[in-house]
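S.K.: Encoded as structure tokens, here's the structure I'll be asking about.
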Amino acid sequence: MTLAYDEAGVGEAVVLLHSSAADSRMWDPQWEALTARFRVIRPDLRGYGRTPYACETPYSDPGDVADLLAALAVERAALVGASYGGQVALEVATAHPALVSRLVLLNPGCGLRPTPDLVAFGEEEDRLLEAGEVEAAVELNARTWLGPEADGQARARQMAMQRHAFEVQLAADPEPSQLEGEIDLGRVTMPTLVVSGAHDLPCFQMTARHLADRLASVTAVHLEWAGHLPSMERPGEITSLILQHLTRPAA
């Protein structure tokens, strides 16, 4: 299975991993600035964007990312992940620590037990999708994941990506079997930037604190203005944060 992806630029490799509320297009605002400095790769995970949601054997998203980098002859890369993409980045770093030079994690997941706020969101999303109310589920995601700084254009873009993902995944028959990745923070020793947002769900703010307390080489940034998808809310500010971390001399 080959993931759809974009690649541009030269230099050190940087991989952009999207949220499960979006696809690789969420990185459009960062694309020009990053490709001017690095070799940038942005895949669509299975069931998102241009990658179909089909597989005859069980798969894992971190396995797919590692396979893609091997196919592109990338021996070492910085991983930039938003939300679920941040979780995938941590899973890749756990399984292949020598492959990952740096991490940028924007409101990532890391496999902690869901808190009541996230459980409530998931239950409502499931209820709407089971009732066939796809558009209501799209709107629920936009309300939940985009903070107050997101403008109308950003909301329309996020909703379009979310709508497409729902359509592709709901149409899958049979639904492919996905293997769970593993996160071992003791193996994640590369320089890591963890970004959290004050308007995000408490679950993800707790996750950011958990990572800041346990990672070996971590810089934690808490943004008072941000929701769950800050790279879509204030793109320029997040682009600057990413570039600062990727170009900072290694200790």
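S.K.: Looking at segment 108-124, which of its residues are surrounded by 12 or more Cβ atoms within 10 Å (Cβ to Cβ) and either more than 19 Å from the chain's Cα centre (by Cα) or small (Gly, Ala, Ser) (or both)? I'd like the intermediate steps shown before the answer.
M.R.: Pass one, segment 108-124, residues surrounded by 12 or more Cβ atoms within 10 Å (Cβ to Cβ): 108-112, 114-115, 117-121, 124.
Selection gives Gly109, Gly111, Thr115, Asp117, Val119, Ala120, Glu124.
S.K.: Just to check your reading of the model, which residue among Gly47, Gly63, Gly86 is over 24 Å from Val195 (Cβ atoms) and open to solvent by less than 10 Å² (accessible area, probe 1.4 Å)?
M.R.: The conditions single out Gly47.
S.K.: Any idea which residue in segment 227-251 is surrounded by the fewest Cβ atoms within 10 Å (Cβ to Cβ), counting only those that are assigned to a loop (DSSP other than H, G, I, E, B) and modelled with pLDDT of 95 or more? I'd like the intermediate steps shown before the answer.
M.R.: Our first condition is that a residue be assigned to a loop (DSSP other than H, G, I, E, B); within segment 227-251, this holds for 227-229, 234, 248-251.
So of that shortlist, the ones also modelled with pLDDT of 95 or more come out as 227-229, 234.
Working: Gly227: 23, His228: 24, Leu229: 26, Arg234: 20.
Going through the qualifying residues, I end up with Arg234.
S.K.: What are the residue pairs meeting all of these: first residue in segment 236-251, first residue over 18 Å from Glu32 (Cβ atoms), second residue assigned to a helix (DSSP H, G or I) and open to solvent by less than 50 Å² (accessible area, probe 1.4 Å), Cβ atoms under 9 Å, and 6 or more apart or on different chains?
M.R.: Within 9 Å, no pair qualifies.
S.K.: Moving on. For segment 14-42, how many residues are in contact with a strand residue (DSSP E or B) (Cβ under 6 Å, 6 or more places away or on another chain), small (Gly, Ala, Ser) and open to solvent by 10 Å² or more (accessible area, probe 1.4 Å)?
M.R.: 0
S.K.: I'm trying to understand the selection: among the residues of segment 184-219, which are touching a residue at least 40 places away in the same chain (Cβ under 8 Å) and among the hydroxyl-bearing types (Ser, Thr, Tyr)?
M.R.: The answer is Thr189, Thr192, Ser196, Thr207.
S.K.: Mind listing whichever residues of segment 125-179 are closer than 17 Å to Ala82 by Cβ, among the aliphatic types (A, V, I, L, M) and either surrounded by fewer than 18 Cβ atoms within 10 Å (Cβ to Cβ) or touching a Lys or Arg at 6+ places or on another chain (Cβ under 7 Å) (or both)?
M.R.: Ala142, Leu146, Ala160, Met161
The values are calculated or read from the model by the stated rules, or taken from the named source; none is laboratory data. Quick caveat, the model's predicted, so the values are computed rather than measured. Reconstructed Cβ throughout: ideal geometry from the backbone, glycine too, with neighbour counts over all protein chains shown. Remember, those area values only see protein heavy atoms, side chains included, never the ligands or the DNA or RNA. Shrake-Rupley method; radii C 1.70, N 1.55, O 1.52, S 1.80 Å.
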